[in-house]
Amino acid sequence: MVMIGSVLGSTLRLTAPLLLVALAGLLSERSGVVDLGLEGKMLAAAFAAAAATAATQSIAWGLVAAVGVAAAMALIHGFACISHRGDQVVSGVALNMVAAGLTVVLGIAWFNTGGQTPTLPAELRITALSPGLAEPSAAAQAHGGFLGALLGHGLFSHNLLVYMAFAAVLGVWFLLERTRLGLRLRAVGENPAMVDAAGVSVPALRYGALLMGAVLVGLAGAYLSMAQNASFSPNMTAGRGYIALAAMIFGRWRPLPTLAACLLFGFLDAMAIQLQGVSLPGIGEIPVQAIQALPYLLTVVLLAGFIGQAIAPKALGRPYLKER
Amino acid sequence: MSNALALPRWIELGILPLWNLAVALVVAALVVKLIGHSPVQAFEVLVNGALGSPRGLGYTLYYATNFIFTGLAVAVAIHCGLFNIGAEGQATFAGLGLALAALYLAPGLPAWALLPLVVGAAALFGAVWGLVPGYLQAWRGSHIVITTIMFNFLAATLNVYLLVNALRVGGGSMVIESEPFPEAAKLPAVHELAARFGLELPSSPLNAAALLALAACVFVAWFLWRTRAGYALRAVGSAPRAAQYAGLNPRAQVLVAMALSGALAGMVAVNELSGVQGKLTLDFVAGAGFTGIAVSLMGRNHPVGIVLASLLFGVLYQGGVEVAFELPGFSREMVVTVQGLIVLFAGAMAMVSAPLFAKLYSLFKGAGRG
């Protein structure tokens, strides 16, 4: 029970940021804009969150800064690709490079500790809602094996952002499938000319989708540097933005399957930590790298159509030019 | 890309890229200012560090060598309509091939026999790592951008696994790197070559791979514009449907382009491992694959432009190291930032200023006529 509880707990903890970013990518790509810059936005948001919190001594300002920076980058992406029909992939790659460089440059210049931000004290971190359940064995002792370790530590030991991430799945699903705005967003990713003919602005919808996504990416970045860790360190996203993109493709650009893919990737990540140096009966020691490589491998296999077809939105990656 | 604005060639190919580069550098200068340094002083140290001494120049050219290889790799793929973000992974995998050849293929061979094998292994492994995403795109319809990104991670993870578990140097060393290569698998440094001809050059990591890079430029230019296969490749890149109608096989061209692209990216392993380090290390590509994207964009996917852009990035890299060394609180990641800004302004926003130039040009022409 204690072991299952801790695997469940860390799976949810590792899934949350992935899920937020994957949903952001989903919103953007369903509107027809490729979002390769997720990694960079997440990294910049993580830096902004930790730096602003350290400077203002306020969690709220940290969150505002994270979302603000992600939104600013989304606007740059939109300016290049929506307003000026630049290449969406190139723009995303550029944003990732700028974020990777700038976070370190500013970190060293402002805090002088090798690119890290100052360690946030406990009261300035985003902490668990019920701290008593933080340790699986302590939770088991207080409430019993099943209630304490499995349910308590596994499901109820998390911070607010984790629950928000899972709630966001329903939110994005509802938005896309049950609202007029969602219908238009989906339409603009499939056939922008039709949306244009109906008198709805294609650029406005695409900018809107990017900005909604930026809120989610901003929270994901803040989660990394304020909840999972107590400071920003260079390249701390370590490819999570790409994994999230992979999860979104794995989820075939739909919210609920994307949740399933994120949970799978989160679980693999948790197992990679759990199984480090453990020898399994009959199999032997599984190399950590093999588990780490699985999400990438699964994505390649899925995209190649070996486990069903992944069909992208039709207008994805195509800039829209209004007829004059 | 359809371009509604008719600009003369010299503006589109000459002025516009320079203007975009200038915008990127101005933004970079603002960042330097923001962190409390003088952009002018940083620029002086940068240029001086990269070009001011023969040793600095050696380092600059050594970095430029990597960028020529990855820039050509990205360009060849682009001519076939493919955006290869996987040069990083292809170079990493090529490094594995190179190390395996150098360490196990034929340890006793003399340099003249072993070196071609080592270079060939790097090219072969790089080509394979490019071919697989190419095949998946051409036959299974998966998107090359996503697949090559995934292959970057797969190559990196594989490299870590093999280095830690199979190739790691013995004797309880904490450093994660392979056994040193035999002497015969190492490329001579340029200052050693020069010494043989009685020329005295300061020692630097610049090695014979630089000559290989120039040969690669000539080869790519010849291949793309002077051969039938190169023509087919470009035809598929500019109009896949028409190319198919004309009897070409777009799928085969994708394979050719990605194999050649991967092999070119793989030459980074030759410059780094065979030329300088003499062993397989973790993350020896160090972002050169991504720099290749910026180089190719700046160089307009042409070998001559790529050499010029590679020199620019070589100056930025070597100069960046010197600036980080000279100015306290300045980090060499500034180079990555500048690189990102160049990709942003010269790549994604390349046409943002085009209307401005079109207006200026028509004003100028109107004035000339009237």
Please state which one of A:297, A:302, A:268 is outside any loop (DSSP other than H, G, I, E, B), open to solvent by 60 Å² or more (accessible area, probe 1.4 Å) and within 14 Å of another protein chain (Cβ to nearest Cβ). A:297
Could you say whether any residue in the range A:239-261 is more than 17 Å from the chain's Cα centre (by Cα) and surrounded by fewer than 23 Cβ atoms within 10 Å (Cβ to Cβ)? no
Quick one: how many residues across the range A:155-191 are open to solvent by less than 60 Å² (accessible area, probe 1.4 Å) and part of a helix (DSSP H, G or I)? 17
Only one of A:288, A:215, A:278 that is more than 24 Å from residue A:28 (Cα to Cα) and either touching a residue at least 12 places away in the same chain (Cβ under 8 Å) or touching a Lys or Arg at 6+ places or on another chain (Cβ under 9 Å) (or both): A:288
Just need a number here: residues in the range A:241-276 that are of a type in the set (Lys, Arg) and touching a helix residue (DSSP H, G or I) at 6+ places or on another chain (Cβ under 7 Å). 0
Condition first: open to solvent by 20 Å² or more (accessible area, probe 1.4 Å), within 11 Å of chain B (Cβ to nearest Cβ) and over 20 Å from residue A:212 (Cα atoms). Can you find one or more residues in the range A:63-85 that meet it? yes
Of B:325, B:290, B:284, B:313, which residue is out of contact with any strand residue (DSSP E or B) (no Cβ under 9 Å at 6 or more places or on another chain) and outside any helix (DSSP H, G or I)? B:284
In the range B:157-208, residue farthest from the other protein chains (Cβ to nearest Cβ) [restricted to those that are part of a helix (DSSP H, G or I) and in contact with a helix residue (DSSP H, G or I) (Cβ under 6 Å, 6 or more places away or on another chain)]: B:184
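So that you can scan it fast, the table gives a plain yes or no per residue for (1) surrounded by 13 or more Cβ atoms within 10 Å (Cβ to Cβ); (2) of a type in the set (Val, Ile, Thr):
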| residue | (1), (2) |
| --- | --- |
| B:153 | yes, no |
| B:161 | yes, no |
| B:164 | yes, yes |
| B:169 | yes, yes |
| B:175 | no, yes |
Of everything in the range B:214-226, what is open to solvent by 50 Å² or more (accessible area, probe 1.4 Å) and aliphatic (A, V, I, L, M)? Give them in sequence order. B:214, B:215, B:218
Please state which one of B:45, B:31, B:23 is touching an Asp or Glu at 6+ places or on another chain (Cβ under 7 Å), open to solvent by 10 Å² or more (accessible area, probe 1.4 Å), β-branched (Val, Ile, Thr) and touching a residue at least 60 places away in the same chain (Cβ under 8 Å). B:45
For residue A:317, all conditions in the list (1) closer than 30 Å to residue A:54 by Cβ; (2) assigned to a loop (DSSP other than H, G, I, E, B) hold save one; what is the number of the exception? (1)
Does any residue of the range B:227-248 turn out to be over 20 Å from residue B:97 (Cα atoms), in the same structural domain as residue B:99 (by the TED database), surrounded by 23 or more Cβ atoms within 10 Å (Cβ to Cβ) and among the polar types (S, T, N, Q)? no
For the range A:26-39, state whether one or more residues are open to solvent by 40 Å² or more (accessible area, probe 1.4 Å) and either in contact (Cβ under 8 Å) with a residue 40 or more places away in the chain or polar (S, T, N, Q) (or both). no
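The values are calculated or read from the model by the stated rules, or taken from the named source; none is laboratory data. What you see is a predicted model, and the numbers here were worked out from it, not measured in a lab. Cβ atoms come from the backbone with ideal geometry, glycine included; neighbour counts cover every protein chain shown. SASA here: full protein model, heavy atoms, side chains in, ligands and nucleic acids out. Shrake-Rupley method; radii C 1.70, N 1.55, O 1.52, S 1.80 Å.
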